[in-house]
Amino acid sequence: KKYLVYLLILNLVIFLFMSMKIGITNLFIRANNRLATETSFITDILNNGMRVIPIFSVIYSYYYFKYKGKFKLYIAIFLSITVILNFPTSTTRYWIGVVYLGIVVVIFSKYMKNRKFDLLIILGLFIIFPFMQIFKWYDLNDFLSGNIATKSILTIFNSMDFDAYTMLQRTIEYVEKEGHTFGNQITSSVFFFIPRSIWNSKPYPTGQFIAMNQNSIFTNLSCPLIAEIFIDFGIIGIVSSGILLSKVVSKLDKTYFSTEYANGIRFIEYSYPYLLGFAFFMMRGSLQPVIVYMFTFYLPLIVIKKVFKKDKENKYENINIQNMLNTNKY
């Protein structure tokens with residue numbers, strides 16, 4: 001129970017800090033809702049970290065209520081802060097998809113083995129997710145002023161997007177002319193934390209790298225996972241990585257849906273639900289930004305877990321010492 005109190009205090013501090021630094025209104029506007037620092041990596045850690053702590057607090061309070069049947073108010077408070085700091089109009093569709101899909105999976109995990117959940121996912125992918133494009137066109141001020149008539153909502157559903165296909169073809173074209181990069185591109189994802197000021201030859205995200213090589217004016221391009229693997233390792237890499245990835249995903253699925261621990265909540269019960277959202281993001285690419293987002297997303301969870309675990313170990317150590325003293329006394 002005391003961890004709920006710790007998380008409540010931390011959430012309130014984060015909410016007040018973000019409100020004061022960014023402004024309440026700007027929390028709902030994508031263009032103005034980020035804290036700025038000297039480096040983009042520190043900026044991502046700060047902004048994403050502030051937004052994910054309430055998310056994991058929702059999950060913790062939900063599990064607490066599920067097993068103890070107490071403190072439902074904490075869920076409402078954490079969920080409110082989560083929605084405000086991760087509002088659909090304030091950030092990208094992929095981030096919103098990760099956040100809310102993860103919460104849905106936690107709450108409705110027992111229904112995931114039947115067709116109703118499959119239909120819910122299909123509904124989300126074909127209707128809800130595309131509809132969120134409207135939040136990229138308009139911000140909160142546009143909605144409040146009624147200035148949302150410049151584009152038809154139907155264009156979201158009846159316009160074609162061949163981005164992934166096009167980038168795969170452009171990657172193949174690059175390899176035919178320049179050859180494979182033999183792991184050079186994936187190193188930028190593995191060692192994403194090394195700043196470019198130190199690593200001058202650090203590879204750019206693959207979508208940007210392809211665009212720059214082909215003299216494109218617009219370089220903020222995606223690159224599907226299959227193209228990421230192909231540019232480095234070719235067809236053999238695609239086959240072998242497909243086998244490896246399927247093994248990892250299968251293991252995660254089985255572990256998450258296995259019998260819960262009787263003495264607590266497993267780490268995977270916090271981490272797995274959000275991996276589903278990141279899977280969509282990763283399939284789109286580019287890989288390097290996805291890895292950065294995943295790192296900054298899970299870093300607060302790992303830190304909080306370590307702090308709580310250390311507190312728990314100290315508690316048990318004190319109890320053991322006291323028991324030893326009592327034994328010696330008698």
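A few points about this structure:
- Computed from backbone phi, the HN-Hα couplings of region 42-54 come to 5, 4, 5, 4, 5, 5, 5, x, 4, 8, 8, 4, x Hz, rounded to whole numbers (Karplus: 6.51 cos²θ - 1.76 cosθ + 1.60, θ = phi - 60°; Gly and Pro given as x).
- Share of carbon and sulfur in the accessible heavy-atom surface of region 1-46 [1.4 Å probe, %]: 67 percent
- Relative packing of peptides 171-184, 93-106, 201-214 - highest average C-beta neighbours within 10 Å first: 93-106, 201-214, 171-184
- Each peptide among 84-91, 236-243 gets the average number of other Cβ atoms lying within 10 Å of its residues, and from highest to lowest they stand as 84-91, 236-243.
- Close amide-amide hydrogen proximity is noted between residue 219 and no other residue 5 or more places distant or on a separate chain, at a cut-off under 5 Å (H modeled in the peptide plane; Pro and chain starts excluded).
- Computed from backbone phi, the HN-Hα couplings of region 288-294 come to 4, x, 5, 5, 4, 5, 5 Hz, rounded to whole numbers (Karplus: 6.51 cos²θ - 1.76 cosθ + 1.60, θ = phi - 60°; Gly and Pro given as x).
- Rolling a 1.4 angstrom probe over the protein heavy atoms with all chains in place gives region 176-311 an accessible area of 56 Å² per residue.
- Rounded to the nearest 20 debye, the dipole magnitude of region 1-109 is 440 debye, with +1 charges on Lys and Arg beta carbons, -1 on Asp and Glu beta carbons, and the Cα centre as origin.
- Portion, in percent, of the accessible area of region 174-295 that falls on carbon or sulfur, probe 1.4 Å: 66 percent
- Among the listed pairs 110/254; 110/309; 2/254, those beyond 21 Å (Cα-Cα): 110/309; 2/254
- Pairs from 21/305; 202/306; 177/251; 70/305 whose Cα-Cα separation, in the structure shown, is over 30 Å: 202/306; 177/251
- Using R0 = 35 Å, the C-beta based FRET efficiency linking residue 67 and residue 37 works out to 0.35.
- The separation of region 15-76 from region 222-259, counted between C-alpha centres, amounts to 31 Å.
- For region 1-117, the spread of Cα positions along the three principal axes, ordered from largest to smallest, is 44, 37, 25 Å.
- When each of the peptides 291-303, 67-79 is scored by how many other beta carbons lie within 10 Å of its residues on average, the order from highest to lowest is 291-303, 67-79.
The values are calculated or read from the model by the stated rules, or taken from the named source; none is laboratory data. It should be emphasised that the depicted structure is a prediction, and the values quoted were computed from it without experimental measurement. Methodologically, a virtual Cβ is constructed for each residue, glycine included, from the backbone with ideal geometry; neighbour enumeration extends over all protein chains shown. For accessibility, only protein heavy atoms count, side chains too; no ligands or nucleic acids. Shrake-Rupley method; radii C 1.70, N 1.55, O 1.52, S 1.80 Å.
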